[in-house]
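A short worksheet on the structure shown next.
The values are calculated or read from the model by the stated rules, or taken from the named source; none is laboratory data. On a predicted model such as this, the values are computed, not experimentally measured, just so you know. Cβ coordinates were reconstructed from backbone atoms using ideal geometry, including for glycine residues, and neighbour counts include every protein chain displayed. The protein model used for the area step is the full one, side chains on, heavy atoms only, and it has no ligands, DNA or RNA in it. Shrake-Rupley method; radii C 1.70, N 1.55, O 1.52, S 1.80 Å.
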Amino acid sequence: MQHLWLIPVLPLLGFLLNGLFGRRLAKGAVTAIALGSVLLSFAWVVKTLVGLGALETAYIERYFTWFQSGDLRVGADLSVDRLTAVMLLVVTGVGSLIHIYAVGYMTHEGGYYRFFAYLNLFMFFMLVLVLGANFLLLFVGWEGVGLCSYLLIGFYFLKKSATDAGKKAFIVNRIGDFGFSLAMLLIVITFGSLDFGAVFPAAASKPESTLTLIGLLLLLGACGKSAQAPLYVWLPDAMEGPTPVSALIHAATMVTAGVYMVARSSAIYLHAHAAQEMVAYIGLGTAVFAATIGLAQNDIKKVFAYSTVSQLGYMFLGLGAGAFSAGIFHLVTHAFFKALLFLGAGSVIHALEGEQDLRHMGGLRTRIPVTFWTLACAWVAIAGIPPFAGFHSKDAILLAAHHHAPWMYWVGVLTAAMTAFYVSRAMFLAFFGEPRGHHHPHESPPVMTAPLAVLALLSLAGGFLDVPKFLEPLFPLSEGAHDFALVAISVVAGLAGIGLAALFYVVKPGLADAVANALGGLYTLVYNKYFVDELYDAAVVRPVETGSREALWKGVDAGLIDGAANGVASIARATGGLLRLIQSGNIRSYATWVVFGSILVLVAIGLVGGGAR
Amino acid sequence: MDHLLSIVLFTPLLGLLVLLFLPSSNKNLIRWWANLASFAGLLVSIPLITGFDRTKDFQFVETAAWIPSIGASYHLGIDGIGLVLVILTTLLGFLSILSSWTAIEDRLKEYYAFFLLQQVGMLGVFMALDFLLFFVFWETVLVPMYFIIAIWGGQRRAYAAIKFMIYTLIGSVLMLLGILALYFYHQSQFQVLSFDIADLMKTNLPAGVGWWVFWAFFLGFAVKVPMFPFHTWLPDAHTEAPTAGSVILASVLLKMGTYGFLRFSLPLLPDTSRNPQVVNIMAVLSIIGIIYGALACLMQKDWKKLVAYSSVSHLGYCTLGIFSLNPAGIAGSVIQQINHGISTGMLFLIVGIVYERRHTREIAEYGGLFKVMPVFSMVFLIAALSSMGMPPLNGFIGEFTILQGAYQMSFNWALWSAVGIALGAAYLLWLFQRTMLGEASEKNGKLLDLSPREIAVFAPLILAAFWIGLHPKPMFQVLERPVAQIVERVRPGYFAEHKLASPLTTPAASLR
């Protein structure tokens, strides 16, 4: 018994302690509880993995039957296999680093205990998500991390934009969950179980059409959680949350849950050709689409947010091309360098007392050198420069894409060039040239820079962790040989992106504006994110609002139904009013009515009787 | 104990009788007594849980002659479905009275008297095994609720109360016609006068008659649930009723309708209930209710009306589950009925808390309470999450099981009703944002957070929400047998056909 339950329960305890008593605790105690619980959880992960050894097959612990309805039994079962092991290390490892960083970042903010309580709760749900041995437990974690994301995006709850963003994230995710729920129901009908151990081995024997439908519905869920088109719109807005949250939830861990889920369900996708193809299309489409938006953003966090959407698209491309391990590999390296980019951005924002606009930065290279040099590590990693982390995983994906369909490789290379461009652009605008703001930047304290340094190291060297090899028992390596020319082309694309950015923003600073003006409408379109938010608003949000108010509530409820009910009442009252006229109290008129009535009765009897005879 | 059900049933009545002799001037005495009486009502119902045997059908059965000349008897008994609903009633009966402590200041004696009387009626509905007895309790509930709305209600209380009265009365009159039709057909077939449900179940109705009786029952139950399009009394009644009235109305009264379908429509009229046409109509009305209620919520400016419309949506799931006619659907429906009692009860109590402090229900009047009333806000958040079916809270278990049952009937049912899940999150989170988040205005800046009494009202409901979410197994176990009885009755051979182990095969499978 490895007591896997301790891994999620430790952060849960942290949440309960800080959530219930944090208000009355000293700041130091809050910090100790929040950090301690996550670090202990990390330690327990390491201890467990060491104890479990090679993990050739999944190790499962069953605790109790969660619920049983009919012949469907869902247990509170946790399991660890190599995929889970990778996820556990990323979540608790990167999670711990971000917790440490947040101690420094949040120290002057109100609601310190509340922040860490939410963050610990997030860790709990995220760990349930990756440890759950069935779809329903995965879904519990899935919904839970969504809730924490909602709470943390809206952490500055006095700001309407923040609470709007939180709400949007939750509702868009719910649209994805709608697909996930239906997929689970279809799995129950088809397989009679939700246990991974029962579903996946049986997948090969089920009809492809059913598996395709399951795959597509699961993909809808993944699109919501992992911010893929058409449900990506919540992630850029989610940057309203405190920066450590953006790093932890909206870059390194939660948004990769969809990738994890699809990889976990690889047995289904491998037998659902159309669904897997769809994964690749959505991934590639999102990757290139989001990258173009990233080219023209001025908010440093927004640049990185669109970058996250784009990089997640890359992971989906890998999954869809059949290279599940390459997708997970990129998930890992992305967790390192994107967490670093966000934390570095946070350090910049911290130094500039809240400034997020790249146009008001500049020249920070010498003012906050530690931040600069660590960020530079993330920069080379994401740009795909060998031998740094992003290079290895991105290359694995691109090679798989080429093996799958060569045109996908070329679109992927184009995206890589754009990625290198927008990150370089952000770096040049923030750290090079003349200072454009009125700030007095100061370097962040060691509690923030130390995690940056660790992540910088991982961004540089993380590519040498051979994740695909480790995952081989789960996902057999594809046969695509290491084609040197293909690798070289993608590296050149990355370098070209950096070079172009250098030309635009360092060598000839006026050129960027000139190009933007020359492109005119196209630039406006990209600058405004293709007006997708406005489109959704006009096509979905407003019709639902007006429709419910005018047609349903006022029309059907008040008009039709109550109208009908009131109509019946009015008829009754009118009839009563007419009949009342008869009750005049006048004997003579009563006598007339009696005679009249008698005649009527006689006639009626005559008619009916005549008919009977 | 032989008379446990009678004790549970009449404890509130005893409390009521004593209450009548207390001096109206001594308000605190009246308050204490009413709370004590309803708490005693809760306590005496606990042995029902501990003494319940889930391998048996109706338990704690009591039979006594009532009106022998027409074959009506005092026949009580509960199965698993009755048990959970009785416990829900005793718990919420107590909590609603506890929540009224400071909310009600005038005519206290009458107020509490009506609540206790209503409690007797509701308990009777869930215990009666005689159709006439059931009907008497059913009608008993109407009167106190009418007065509670009409006397202690909001500004449009007279309109709301009369609307409530007329809708439900028309429904129950038609239901009575249905009961009588069944009764006389039974008499002509067996030459015995009996209102006993077990007897009536043997009646062999001609197909056309069964059809009409079904729709007569339907009107009675559908108005109560309420199903679309009979729901328009509900937003008015809920909105105008005092807080505790809304709580009881939503948490318990509406369940009388769904209970009616489960106890009478399905078992007494199995042929009509499984008629595909009927099933389709019921499913369509349920799904319209789910989506329609949720959309209407999005548009409300009145906090309480929003919660009221959410009930329409939630009860749509319950009726959809029932007419899935399979174990998952029906068990899910009962669990969701309990869940709705917990979560919507909380949501109404929450409106009551702020109404007591600010005397307005306009959503736009609020905002920024998160900072002013943090404990209250967290309670609200938990209630909202429970209501929108967030795992691992209770609502999720119910919704998921219902969807599972619905999916077995039709992909479309599951598809359309799942839309309600997304909408549920939308209206509740928007409400939360508008009332709790943002800056607090001057009027809201000094509101007091929950008092210990108010926390005591919420605590058991929050515990129940977590308990059902984390450990729903006992609930499913208690419901397994009665649900199987209903399924076997409507679709004979269901378990054998689906190669499932029937929970009925162990002991004798009789309804007596």
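Between B:ALA65 and A:ARG573, the simple spin-label model (points 7 angstrom out along Cα→Cβ) gives 5.0 nm. The angle separating the long axis of helix B:327-358 from the principal Cα axis of greatest extent in chain B is about 20 degrees.
When both region B:31-93 and region A:284-316 are represented by their alpha-carbon centers, they are found 62 Å apart. When Rg and the Kirkwood radius Rh are both evaluated on Cα atoms of region A:436-551, their ratio Rg/Rh stands at 1.14.
Taking region B:78-114 and a reference point 7 angstrom along Cα→Cβ of B:HIS3, the backbone N atoms nearer than 20 Å belong to B:78.
Averaging 1/r over each pair of different alpha-carbon atoms in chain B and inverting the result gives 22.9 Å, the Kirkwood hydrodynamic radius. Here region B:274-512 is treated with +1 on each Lys and Arg Cβ and -1 on each Asp and Glu Cβ, and its dipole about the Cα centre works out to around 280 debye. Counting lysine pairs in region B:274-512 whose alpha carbons fall under 26 angstrom apart, excluding pairs fewer than 8 residues apart on the same chain, gives 12. Both the radius of gyration and Dmax for chain A are 31.1, 117 Å, in that order, over alpha-carbon atoms. Work out the FRET efficiency for B:HIS471 and A:LYS27 from their Cβ-Cβ distance, taking R0 = 35 Å, and round it to the nearest 0.05. FRET efficiency, B:HIS471 to A:LYS27: 0.45.
Summed over both chains, the accessible area lost when A and B associate is about 4700 Å², using a 1.4 Å probe. Here each label is just a point 7 Å from Cα along the line to Cβ, and for B:ASP449 and A:LEU607 those points are 7.8 nm apart. Could you tell me how many degrees, from 0 to 90 and to the nearest 10, lie between the Cα long axis of helix B:303-322 and the main elongation axis, the longest principal axis, of the Cα atoms of chain B? Here the helix axis deviates by roughly 20 degrees. Averaged per residue, region A:409-462 has 39 square angstrom of accessible surface, using a 1.4 angstrom probe with ligands and nucleic acids left out. Under the rule a/c < 1.5 gives rounded, and otherwise a/b versus b/c splits prolate from oblate, where does region B:388-479 land using the Cα gyration tensor? Oblate shape, in that a/c is at least 1.5 and b/c is the bigger or equal ratio. Rounded to the nearest 10 degrees, the inclination of helix A:369-382 to the longest alpha-carbon principal axis of chain A is 70 degrees.
Rounded, prolate or oblate: which one fits region A:115-191, using the alpha carbon gyration tensor with axes a ≥ b ≥ c (rounded when a/c is under 1.5, else prolate when a/b beats b/c, else oblate)? Note, shape of region A:115-191 comes out oblate. Report the label-to-label distance for B:LEU20 and A:LYS469 in nanometres (one decimal), using points 7 Å from each Cα along the Cα→Cβ vector. That separation, rounded to one decimal, is 8.8 nm. Express in whole angstrom the spacing between the alpha-carbon centres of region B:469-484 and region B:111-185. Distance between centres, Cα-based: 29 Å. Only helices enter the 222 nm calculation for chain A: every DSSP H run of n ≥ 4 contributes -39,500 (n - 2.57), and dividing by all residues gives -23000 deg cm²/dmol, rounded to 500.
In this model, which of A:LYS338/A:LYS394; B:LYS202/B:LYS255; A:LYS301/A:LYS529 are farther than 19 Å apart at the alpha-carbon? Those over the limit are B:LYS202/B:LYS255.
With the gyration tensor restricted to C-alpha atoms of region B:7-65, the semi-axes of the equivalent ellipsoid amount to 31, 14, 5 Å, longest first. Compared with the direct C-alpha span, the chain from A:GLU434 to A:LEU581 gains 43.4 nm at full extension, assuming 0.36 nm per residue.
Placing a label point 7 Å from the Cα of B:ALA103 along the Cα-to-Cβ line, the residues of region B:435-467 whose backbone N sits under 18 Å from it are B:448-462. With distances taken between every two different alpha-carbon atoms, region B:274-512 has a Kirkwood hydrodynamic radius of 18.9 Å.
Under Stokes-Einstein, with the Kirkwood radius over Cα pairs as Rh, the value for the protein assembly as shown at 4 °C and 1.567 mPa s is 41 µm²/s. Each 5 Å bin, from zero up to the one with the longest distance, holds this percent of the alpha carbon pairs of region B:304-372: 4, 15, 21, 18, 13, 10, 8, 7, 4, 1. Reported to the nearest whole Å, the Cα centre-to-centre distance from region A:397-422 to region A:547-578 is 62. Over chain B, dividing the summed -39,500 (n - 2.57) contributions of all DSSP H runs of at least 4 residues by the number of residues returns a 222 nm mean residue ellipticity of -23500 deg cm²/dmol.
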